[in-house]
1. Loop only by DSSP, 10 or fewer other Cβ within 10 Å of the Cβ. Give me the GluC sites (Glu not before Pro) in segment 150-218 that pass, ordered by residue number.
2. Using each residue's phi in segment 226-236, evaluate 6.51 cos²θ - 1.76 cosθ + 1.60 at θ = phi - 60° and report the 3J(HN,Hα) Karplus result to the nearest Hz, with x for Gly and Pro.
3. Order of 220-231, 265-276, 105-116, 28-39 by packing, highest average Cβ count within 10 Å first?
4. Using Cα extents along the principal axes in Å as the read-out, say which of [x] 55, 45, 33; [y] 63, 50, 46; [z] 89, 52, 30 was calculated from these coordinates.
5. Given the rule -39500 (n - 2.57) for each run of at least 4 DSSP H residues, summed and divided by the residues of the chain, what is its mean residue ellipticity at 222 nm, to the nearest 500 deg cm²/dmol?
6. Any chance you could give the angle, 0 to 90 degrees and rounded to 10, that helix 210-221 forms with the longest Cα principal axis of the chain?
7. Ordered by residue, what ³J(HN,Hα) values in Hz, to whole numbers, does segment 44-55 give under the Karplus form 6.51 cos²θ - 1.76 cosθ + 1.60, where θ = phi - 60° and Gly and Pro are x?
8. Please arrange 50, 249 by how many other C-beta atoms lie within 10 Å of their C-beta, fewest to most.
Amino acid sequence: MSKEVSVNLFDVEWSEDRFQQLSVTLDEYAALPLNERWRDDIRLERVELHQSQGQNVYLLDFSKRRDVGPGRLGHVAPIAAIRLAQDEDFGEETAAMYVPARRWLLVLHNQSGVGPSRMMSYFNALDPGVANRHFDYAARPRLDPGAQQRFGGMRAISTVSVTATLDALAAAQAGTGTSLAEATRSVGAKRVKVELLANEAYGRGDRLANGPTRNFIRGLLRQDPAEVTHLEVKGEVDGRDQLIDLIEHKVRRKYSANELVVVHHRYTLESRWNLLLRTHRHWLANL
């Protein structure tokens, strides 16, 4: 079975009090030299404005610095080091596309690369140290229309079941997630599987606090796909209890990795961007 790659769809949001169109921020990053684009271990390598289906789109390519990388493996020779210059490191690449007219962010998933939450943090830090130039972008995964309607219409949430890393729980920016992360980090856990239950065993009718619970769920949905691997919500929809698997219902499109072109042991930028453009055309016609 061939390896698969996936393109995931996110809606970009921002606060009106810390407002700048993301397209303007991308233009500003594009004007910076590469050495001024670093934010921690992330750099926006390429920013190109294209036309797709009559819309302006920004094609993006991120790099993430890795201190430790792979070895060089020969067919009959033992594995050996890959020599790098003193100012070089290994780098992971992640391709993405921003569609200003829809506020869509399409991300070609790379588990070791830059996820949507890190991209948003990167965009927010356009001018480090300048308070009025620190923005508030966030990426919310798009759910398929049926799941979005059922979740939005869920009057009473009684159960939330989640499996996530401690960092994802803490980054969810809700008191529940932060508390869970703090309570379990000291024992050395890397991931947590937990259920929040409103009812006693075999009971029903009680509900979790709606506002904090939805904030907790939304915060988890914003995390990178590898960080939150399970998220189910149970509650009342149209007078009946329903269970919604929010991870399963994220809008994504899968392709065979064979559709990406490999040159010098790397997927080419052109083939990665072409996959994003194909997906954009498909979603414009079907969403």
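1. Filter output for segment 150-218: 200.
2. Residue by residue, segment 226-236 yields 6, 8, 10, 9, 8, 8, 10, 10, 10, x, 8 Hz.
3. Those peptides, ordered most packed to least, come out 105-116, 220-231, 265-276, 28-39.
4. Of the listed options [x] 55, 45, 33; [y] 63, 50, 46; [z] 89, 52, 30, [y] comes from this structure.
5. -7500 deg cm²/dmol
6. The two axes meet at around 20 degrees.
7. 3J(HN,Hα) across segment 44-55, in whole Hz: 7, 6, 9, 9, 9, 8, 10, 10, 9, 6, x, 10.
8. Taking fewest neighbouring Cβ atoms as first place, the list is 50, 249.
Every number here is computed from the coordinates shown, using simple stated rules; none is lab data. Note that the coordinates shown come from a computational prediction; the quantities given were computed from them, not determined experimentally. Virtual Cβ from ideal backbone geometry, glycine too; neighbours counted across all protein chains shown.
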